Every structure is written in C-alpha cells, then in structure tokens.
4 protein chains.
Amino acid sequence: MDTKIDCLDHGFVRLVDYMGSDLSVVRAARVSYDAEPRNDGSDAKLIHYLWKNKHVSPFEAVTFTFEVKAPIFVFRQWHRHNSWRFNEVSARYSELPEEFYVPALDQITTQSMDNKQMRTDKQNPNANLIQHDIHNAGRYAFKVYHEMLRDGCPRELARMVLPMGTYSRMFATANLRSLFHFLELRMHAHAQHEIRVFAQAMMDIVRPIVPICCDAFDTAKG
Amino acid sequence: MDTKIDCLDHGFVRLVDYMGSDLSVVRAARVSYDAEPRNDGSDAKLIHYLWKNKHVSPFEAVTFTFEVKAPIFVFRQWHRHNSWRFNEVSARYSELPEEFYVPALDQITTQSMDNKQMRTDKQNPNANLIQHDIHNAGRYAFKVYHEMLRDGCPRELARMVLPMGTYSRMFATANLRSLFHFLELRMHAHAQHEIRVFAQAMMDIVRPIVPICCDAFDTAKG
Amino acid sequence: MDTKIDCLDHGFVRLVDYMGSDLSVVRAARVSYDAEPRNDGSDAKLIHYLWKNKHVSPFEAVTFTFEVKAPIFVFRQWHRHNSWRFNEVSARYSELPEEFYVPALDQITTQSMDNKQMRTDKQNPNANLIQHDIHNAGRYAFKVYHEMLRDGCPRELARMVLPMGTYSRMFATANLRSLFHFLELRMHAHAQHEIRVFAQAMMDIVRPIVPICCDAFDTAKG
Amino acid sequence: MDTKIDCLDHGFVRLVDYMGSDLSVVRAARVSYDAEPRNDGSDAKLIHYLWKNKHVSPFEAVTFTFEVKAPIFVFRQWHRHNSWRFNEVSARYSELPEEFYVPALDQITTQSMDNKQMRTDKQNPNANLIQHDIHNAGRYAFKVYHEMLRDGCPRELARMVLPMGTYSRMFATANLRSLFHFLELRMHAHAQHEIRVFAQAMMDIVRPIVPICCDAFDTAKG
C-alpha cells in the first residue's frame, strides 16, 4: 500500500490506510454482510444509480487515511471540509523544516478580471521577478525564524513569521462520500491550481481501489 | 474477521470491516507514516496520555463497520449519535420478517421511582403476564401487517402498525473516537439494559484489535 | 412568532425560535457586520449565485428551531439528517398519549411496481378495510400498553409494543443550509407522502423570513 | 447587540447575532414550547444537572454568530472545531490590509522545557530583540506582497508570502454546546495565550445572555 504521488515542488499525497472496495458500497446499500459480487453489471448499475440519485450513505462504508504534505494555504482550504478528520504536525511542538512553495514559472500568470478570486492561464511578463520575490521572502522569513529560536523565542511565537507558503504535514481521514465531495469542489475549474493538484493525486490513488465508484463520480460530473 | 456476538433474543453485532490498530493511533499522533512500534511501553503511555487529556483526533484514524440486528427502539437511541454513519434495511422497500423482542423474565423488573427514566433490578411480580402481553401484542401486530400486505396495502404504510420492539438490521460505521463516545454513554448504568448489551458486544469485538486503546478508555472511566 | 401548521391527523410543525434573515446570508458572504441591504437587486443576485454555485456556508448563519409532532416512522427518517439537532420526548421518562397516525382514505393507495419503495396515486380498492385495520391495531396496542403500565411494567419496556405510527414530539434545530438539504430530499417526488407534508410546512413557515433564499432554492431545483 | 471586545493588538470578537437564552435550554430539555420560567431555582437546577451529566443536546437550541478578527495561526486552531461554521474573508478575492500580530513584551517569554508545546511565564532576556524581529519580518513580507501585486501577480499567489501572524476576519457560528466545548479546550492552561484571549472574550460576551448555563459550565470545570 505504499502509494505516493509527488505534488508541487516539495509536497505529496500518500495512502496510509484504507477500508473497503466497490463491493463494500454494494453490501452497505443491500445491508448484506456476505453478498457475492455480481459481475453481470448489476453491481456497477447499482453504484451508478446510488451516486446519481444522491443515496450517498453506502459510500460512507469506505474510508481512507492519507498523509499529505502541502503548503499551509492549501491546508487552510482543506480544513474547512468538516467531515474530514485531521492530525497535523504542530509548530508549537517542533521546529518546521525550511520548505516553502515556489511556483514554477508557467504557474505565475495574471490576475483574472472576470472572476475576482482566480488567476488566468496567461503567462505573467514579470514571472521571473515574482518567482524571485517569493523565493527571497521565504528565505528571509526562515532566517528570522531561526534567529528568533536561537534567541530563545518560544516555538509557538516564532512560527508566526513563517509564510503561508510554508509546507506542513498531516494525516487526513475521510470516507468516500466526503472524499468525493472534496473532489467535486476542489477539482473544479474555479478551485486554485495548487489544491487541484492534491485533489487529482487522491483521485489517482483511490481509483484502483474503487474503480466503479470513481466511474460513477465521473459520470455524474458529466 | 467473522466476529459475531449474539445479543438479546434475536439480535447480534458482527464486525464487517475495520481499518487500523493501536499503532495507527500512535502514528496519527506522531504524524509519522512508518513509525515502528515501541514495545518499551512508550506507545501505551502515549495512548493513555492522549485519551486522558482529550487529544482525541488520533483515535479518528481507526474505523469500524458493524452489522447490527436490534429492536427499533434500540436503533432510535443509536441513530442520535450523529458522527456514526448508517445504512438500514428499509421497510418501504422490503417486508420485515416477523421478529420482535420479548424480554427474558429476569429483565422484567419494576419502574424506578428515584430515576424517572429507569427500571429497577427487582423482579416484577407480574413478569409472566407482562411477557405474555408483549408476545401477544407482537404476534397480533404482525398478523395485521400480513393481512394488510395481502390486501394490497403499500409496504410504506403497512409498516406503521409494527411495534417498536420489531427487529431491524443496519450497517453502522464509526471511528474509534465516536465508538468510545457511544460506549461512554451507552455502557453507563443509566442507559437502558437493551442497548448496553449491544455496547458491551462492540467493546468485546474491538478489544483484540485495539487492546491498548481499550485499556486507556477503561482507565479514564475509572 | 407563533407560527404553527397542522400536518396529517394529529401532527404539526411550529416555529419556536430563529436567528437571521436574507440579509444575514449577504453579510456572512461579505463577512461584513453592518453591510446595508441593497435593494437594487444585487443582494438577491448574490444569494442566487451563492446557492447555485454551492457556496453554502453563508446559509449556515441562519438558524431555526421547530417543534414537531409527527409519527415515529417520520422521525426515524428525520433523525438520519445528522447536521440537525434534536430533543425528543422520552417514552422512558413519560407515558405517551394515545395518538397514532391513521391515513386518510385517499392516501391509502397501492404498492408501486416500478419503484419498490413507493406507493402509487391509485386508490386502493381495500382502502376502507386497511384504514380500519390500522385504527384497530393502534387501539389494541395502546390497550396492552396501558394494561402493562397498570401491572407495574417499567415505561422503558412497555413502550416497545407501541406502533411506528405513534405520534411523538421533538424540538429540531437546523441552519438554513441543512434545512434546504432536508427539503431537497424530503420534498422530492420519491419521498414518502407523510414526511413531504412536514417538509412543505417548514418551507411555508420559513419563506416569509428568508424569501430570497427560498426563491434561490426553488430556482436551483428547476 | 453591539457587543465587541478588543483582543491582542488589532483583533476583536463581536456578537453579530444570537438565538435563545437559559430558558431555551430548559424548554428544549422539557420539549415544551411555552414552559414558563421557574424562578424557584428549579430551572437552574435542571441546567446544572443537564450539563454535569452530559445531556448536552438542549444546549444546542442556543446559537451565536460572532465576527472575529485574529491572526491566522489562531484561526488555524479555531477551524479544527468542526461543529462550528465559518465564513472568512478570502485573500484570493481581496488584498489583505497590512496588519499582523506583534506580541507585547511581557508575552515574549521562554520556551517551556516541561511541556514541549508551551511557553513559560518567565520574561525572555531577548524580548526586545524578538519583538523587533517579528515587527520587521511582518513589514518586509507586506512590502514584498505589495510589490508583487504591483507587478501583476495574482492575489491567490501573492498572499503566500504573508506571515501566519497576519490578521484575517471571519463570521463564526456555533451553538452553545459547541461553544462550551471550544471554551473547555481553549481556556485551558495548556492552550496558547493568543487563543485564550479570544475564548475569554466570547465567554464574557455570552455570559449576560445565558448566565445560568455559564455558571453550570464553570461549576463542572471545577
């Protein structure tokens, strides 16, 4: 089960543990402990019917735990999904390693004017300069962080100078219903690129485990 | 994993699926994918510390799905635990089998006067009569139910004559934190005997899977 | 705020308390404590946009508490909505009054053959007989219940002979997002008539309080 | 209802809206729409009994919405309380004002050695230097942020250089049960000073609204 997909410059998603399969969804829907798999297509038909008609409770019988390393601004979006369960490393407890997100040049585009919260696909003429700024700002913040720690500043205070782009790590547990809800919102074209990369990675990891459910999800999205 | 414990006259709890172990709790708390088990007692110490100090999120990395067959008045209490996830057989969809709970004679005690919601431990002098009444009422209700179905009454209407003591079946999924919360309330001396039997059965089933966590739970209860 | 709508033969929905308005949704979306209402249509446009695009969190700033009296089989469906909060009268604590649901003749139709969980719109030729059966079964169950209580049977055991059609009462609290989610599922043509009546009553009660939100909900349903 | 308490150097908690009172808890517990207040002490006795014995559902009939302005590292702790509902300003959508937390000198103490996640009460000999560093790091980060925005960098990327100490604003809705759970954890001596200030402010705001409930909470904490 060592499935790990690298994301962005220092991040990743790794499957830590899981419970269930397509058959678990079928058995939960039928409330049948030992229903045999039906390969005549009726299991697939049932799963597609359930998802399409929002009979979502059988999808709650499949659970995943992921380890995720991602920039904190990505975690901030993630943690708003309140049916997920999280265990994150604490910067009160341990010093954070010097790792922060620096976007690749082709990701540094321009502010969208149509949609106030998005960026466009058009390369920013100042991309090099901006990338440089992000890198320098991160280096500078960590330099101050290390100095403060050397000066005896408590970790819980020192961390507050670190940028939102700093990488953190967490365990994140969700059932398949909550995962699909996350993917629906976070694979959407309006979601920020940086979280879409993590959403896609989870989709790629779970597809071999629940292939029919993933098909049903894709079909319903249209 | 065919662990099944009979409960009351027709009920049971069966473990359908699970994810995790004591080590999963330790790894979630440490946010460490591959932390080795420490048999010097430090893992146990950590688990006891976490539970005692209400750092409950690491216990959410362990999940169980049970199949439960119990009287509907027991399900009604169970379903109020809103962090559990349920899939129950539907009496709109299928006819329910003629099975209803008849308490054993030694369970038919007297109304408590101290605690308005409880019963005492004292044998009721009319226990035989009461047991007989419960049995007859159940038989009569199912007789009417079957007649109504024969007369073409829709299942979703016919079911409404069935008594609260009728057995139903469900799949119930919870993480270890939610399970312990359930056990805390439903193994309590003030809980009704009939649900305590199911709570105890779940405790017996999960103990071999998460023995240290169960010790920590017992210790904290005092 | 004494808004109360009768439902079925003995039930009702009553608004007990609420917090918020259309303007609360706008202010939550804008994170603006004192945003003035804009009557140029831009508030309405924002609310429609939010609901349509599943930006549902601003709808969580409006909350309602209802008192509901309904048959227990209706409560059983209701309690599966786990973001609602409930306080129900306890039949362990108090004797239940003799009130159970007897469907009107025009509601006693036939079992659907297309959809295994539904009933049709077609009058059942045995409707009179079935109605009679339901009534008699309820009367008989309450007769036994009263006898058992007279014989000193504890309330928590005696209640188990009462039918699913017995009326119970509860306080039910939900925010507008959860209420709309309930209405989406329970006003649906596939939902059982008996719960649809209560869903519609809540819709009628909240519409004067959040008229624009209700419009947005209606529009999105299409 | 314009109750606002300043917190830290630029933050505050303000009551935006609420529903309910001590009497609402009593009525929910009794499932009684129009129960009159009992000033003979029996209402207070009931509320104390309920909270002490973990009958928490009646406390879910009282709801509050707060506006909170706090440093992002405080929000990060807050957002882990998954029964709260949040609407936060988005730095994808709007530029954030230049406001970041600089601890007062007497708050800059030393790292605790007993408890790896805490700080002590002892003044740090380098407090002046550390305060200066935090201030400078914040100024520098905002300088880069403004330059990047001037260079056409999308807001959703530019924000990632801002420090965790940056102030953000949100609406936060919770019922009284969830509020008390928050207060239990976040007024605890092990909680970080900066979030305890906000917890205390909320306690001060709700006490005049639900004085008996707050007494019961205090009593149970011992």
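Couple of notes before you dig in:
- Over region C:35-74, equivalent-ellipsoid semi-axes from the Cα gyration tensor in Å: 31, 14, 10
- Counting only protein heavy atoms and a 1.4 Å probe, the protein assembly as shown has 40 square angstrom of accessible area per residue.
- With a 10 Å cut-off around each Cβ of C:107-119, the average count of Cβ atoms from other chains is 4.
- Inter-chain shielding of D:199-209 (mean C-beta neighbours from other protein chains, 10 Å cut-off): 0
- For the listed peptides D:190-198, B:17-25, a ranking on the average number of other beta carbons within 10 Å per residue, highest first, reads B:17-25, D:190-198.
- In region A:143-184, the ratio of gyration radius to Kirkwood radius, Rg to Rh, stands at 1.29 when only Cα atoms are counted.
- Under the criterion of Cα pairs below 8 Å and six or more residues apart, the relative contact order for region C:71-222 equals 31 percent.
- Centroid-to-centroid separation of region D:90-134 and region B:147-205 [C-alpha atoms, Å]: 52 Å
- Ordering of A:86-96, C:174-184 by burial proxy (mean other Cβ atoms within 10 Å per residue, highest first): C:174-184, A:86-96
- Helix A:211-221 and the long axis of chain A differ in direction by around 80°, with both axes built from C-alpha atoms.
- Across peptide D:24-31, the mean count of Cβ atoms from other chains lying within 10 Å of each residue's own Cβ comes to 5.
- q = 0.13, 0.18, 0.24 Å⁻¹, region B:107-210: log10 I(q)/I(0) [Debye, one scatterer per Cα]: -0.76, -1.03, -1.19
- Exam field: A:N39 pseudo-label spacings to other copies (7 Å along Cα-Cβ), nanometres: 4.2, 7.0, 7.8
- Cα gyration tensor, region D:82-146 - rounded (a/c under 1.5), prolate or oblate: oblate
- With Cα atoms as the point set, the protein assembly as shown shows a radius of gyration and Dmax of 28.6, 91 Å.
- Global dimensions of region C:166-222 from alpha-carbon coordinates: Rg and Dmax equal 11.8, 37 Å.
- Per-bin percent of Cα-Cα distances, chain D [5 Å]: 1, 6, 12, 15, 15, 13, 12, 9, 6, 5, 3, 2, 0, 0
- Percent RCO, i.e. relative contact order, over region A:1-99, from Cα pairs under 8 Å lying at least 6 residues apart: 35 percent
- Here the label points at B:N82 and C:A104, each 7 Å from Cα along the C-beta direction, are separated by 3.3 nm in the simple model.
- Virtual spin-label span in nm between C:V56 and D:Q123, 7 Å along Cα→Cβ: 5.4 nm
- What sits nearest the axis between copies D and A, counting only chain D Cβ atoms, is the residue and whole-Å distance D:N82, 2.
The values are calculated or read from the model by the stated rules, or taken from the named source; none is laboratory data. The structure displayed is predicted, hence computed values, not measured ones. Using ideal geometry, Cβ is built from the backbone for each residue, glycine included, and neighbour counts are taken over all protein chains shown. In case anyone asks, the SASA skips ligands and DNA or RNA and just uses the protein heavy atoms, side chains included. Shrake-Rupley method; radii C 1.70, N 1.55, O 1.52, S 1.80 Å.
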